[in-house]
Amino acid sequence: MVNSRYLTNAVEDHVRDVLSDKYETVFTRQVLRLQPGGYHEFDAVSDNRRIVASIKTASGGRHPTGNVLNCIAELYFLSLVRASKRILVLTSAELQQLFARTMDGKVAHGIETVHIPLPTEVASRVAAVQLAASDEIQPVLDAAELRAVGGH
């Protein structure tokens, strides 16, 4: 079984560093209270909690629909947190383009979607781990259904 925790940390640490440089504040992973009263862990929250970000990555795997659905779930949580700036960070240009096409005109006001590319070494390792993980999963859909949702 593939252990992707190390790479998840490498990806999130890189994005937090980029956000820290851009906004001149420190970003950490934090659990925040949502407006309805529940809690959610966000990948990057500024020290003053004015900026909240969720980080999503993909390497162009065989199931892009799942990646988009994961992004939509994060949009939901971002829409429920109080913050001056709410950001969905996508580390894959391919996912960013697919997400932009799929969600054009459908993202809640006040949530920004940005692309922050990964360093080449990290991106290569992410792609290898995601390919191995994808090989471990047996799709429920048949070949025609996979083609219909953009799979290979």
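The values are calculated or read from the model by the stated rules, or taken from the named source; none is laboratory data. All of these numbers come straight from a predicted model, not from anything done at the bench. So basically every Cβ, Gly included, is an ideal-geometry build from the backbone, and we count neighbours across all protein chains shown.
For every residue, the table says whether it meets (1) hydrophobic (A, V, I, L, M, F, W, C); (2) at pLDDT 95 or above; (3) surrounded by 19 or more Cβ atoms within 10 Å (Cβ to Cβ); (4) over 11 Å from the mean Cα position of the chain (by Cα).
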residue: SER54; (1), (2), (3), (4): no, yes, yes, no
residue: THR57; (1), (2), (3), (4): no, no, yes, no
residue: ASN67; (1), (2), (3), (4): no, no, yes, no
residue: ASN70; (1), (2), (3), (4): no, no, no, no
residue: ARG82; (1), (2), (3), (4): no, yes, no, yes
residue: VAL89; (1), (2), (3), (4): yes, yes, yes, no
Segment 79-104 residues that are under 25 Å from THR25 (Cβ atoms), paired with ones that are among the polar types (S, T, N, Q) and not in a loop (DSSP other than H, G, I, E, B) (beta carbon under 6 Å, 6 or more apart): LEU88/SER54; LEU88/THR113; LEU90/GLN96
Residue match in segment 60-78 (condition: among the acidic types (Asp, Glu) and in a strand (DSSP E or B)): no
Per-region count, segment 36-54, residues more than 21 Å from THR113 (Cα to Cα) and in a strand (DSSP E or B): 1
Segment 1-35: number of residues that are surrounded by 11 or more Cβ atoms within 10 Å (Cβ to Cβ) and part of a strand (DSSP E or B): 6
Tally, over segment 94-115, of residues that are under 14 Å from the mean Cα position of the chain (by Cα), closer than 20 Å to SER84 by Cα and surrounded by 14 or more Cβ atoms within 10 Å (Cβ to Cβ): 4
Conditions (1) at pLDDT 75 or above; (2) assigned to a helix (DSSP H, G or I); number of the one not met by ALA132: (1)
